[in-house]
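Just below is one structure, and these are the notes that go with it.
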Amino acid sequence: MKIDLTINTDLACQILTEFLRNEITRSGFHHALVGLSGGVDSSLSCFLAAEALGPKNVTAVRMPYKSSSADSMEHAQMVIDQLGVNSITIPITELADGLIDQFPEMNDRRRGNIMARARMIVLYDQSEVSRGLVVGTGNKTEILLGYTTLFGDSASALNPLGDLYKTQVRQLAAAMGVPKVIIEKPPTADLWLGQTDEGELGFTYAEVDRLLYLLVDQRYHPRDCVEAGFSEDFVRGVVERIRRSQYKRMLPLIAKLSNRTVGYDFLYLRDWGT
């Protein structure tokens, strides 16, 4: 079955830049920080922030680890040069290794999670320096699959990409002028040598985006997805990933005692001057 994930990139750009401009300024801020890895997601977030606030009000933060690819630094610099945003490079090797070196048996997942959280420590420290808000870089595919580190790359003040599937991120990135070499390279969190998103997940973004679109946006039942041509094992595995990672998509659950509990009844500011 034909599944069309094409978006109106002009409209998406307008909505997302207005979202960033409005939400940042209404909170009393005028500056944004983006953890710029040199990948397509963080590059697009940086492009959107620069368009929304102006390059002088955006700081791109590069945070290499000792095993980070040289291409990542080079591609991040391409974005910085093209946009003219502020930039700072803060290596995280010593910060992360202070914990990693205490556990010689540590596996790649634990090391990767520590690196992701170390980067968020750096970003939020720099947000205090510049009096800005941290702009997220996670896309809808990663969020639904739980392919994020809680309080690591999933942390941000606001996220312009969270309702764009990876396929759509690439479309918008191309339309906004993100360098082609960044859009076309294999997606990676750059957490260890040879790591790629699709290699770790076991399927391609193009494949899973089509399934997620049916399951989430079109509210298909899993059996309807199988009838649409997806393998039963693939559908079952993706549904289980979504179910198991729900806790990553929520603020910590609060035990309810009153009539106005944060996250349950107290949800919106309403007329509080916003």
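Bear in mind these aren't lab numbers, they're just calculated from the coordinates by the rules spelled out. Keep in mind that what you see is a predicted model, and the values were worked out from it rather than measured. No Cβ is skipped: glycine too gets one built from the backbone with ideal geometry, and neighbour counts run over all protein chains shown.
Put the Cα centre of segment 1-45 next to the Cα centre of segment 69-121 and the gap is 22 Å. Label positions at residue 78 and residue 243, each projected 7 Å from the Cα along the C-beta direction, are separated by 4.2 nm. The fewest-to-most ranking of 119, 170 by surrounding Cβ atoms within 10 Å reads 170, 119. Could you pull out which residues in segment 37-65 have an amide N less than 18 Å from a spot 7 Å beyond the Cα of residue 89, following the Cα-Cβ vector? Once the point is set 7 Å along Cα→Cβ of residue 89, 37-39, 43, 59-65 turn out to lie under 18 Å by backbone N, inside segment 37-65.
For the pair residue 121 and residue 99, label points projected 7 Å from Cα toward Cβ lie 0.7 nm apart.
Quick check: residue separation of residue 25 and residue 204 times 0.36 nm, minus the Cα distance between them. What number comes out in nm? Each step should come with its number before you reach the end.
Numbers: separation 179, 0.36 × 179 = 64.44 nm, distance 3.73 nm.
Stretched fully, the residue 25-residue 204 segment lengthens by 60.7 nm.
Report the label-to-label distance for residue 223 and residue 108 in nanometres (one decimal), using points 7 Å from each Cα along the Cα→Cβ vector. Inter-label distance under the simple model: 3.8 nm.
Taking 0.36 nm per residue of separation and subtracting the current Cα-Cα distance, fully stretching the chain between residue 196 and residue 262 would add 20.0 nm.
Counting every other Cβ atom within 10 Å of each residue's Cβ, 264, 165 order from fewest to most as 264, 165.
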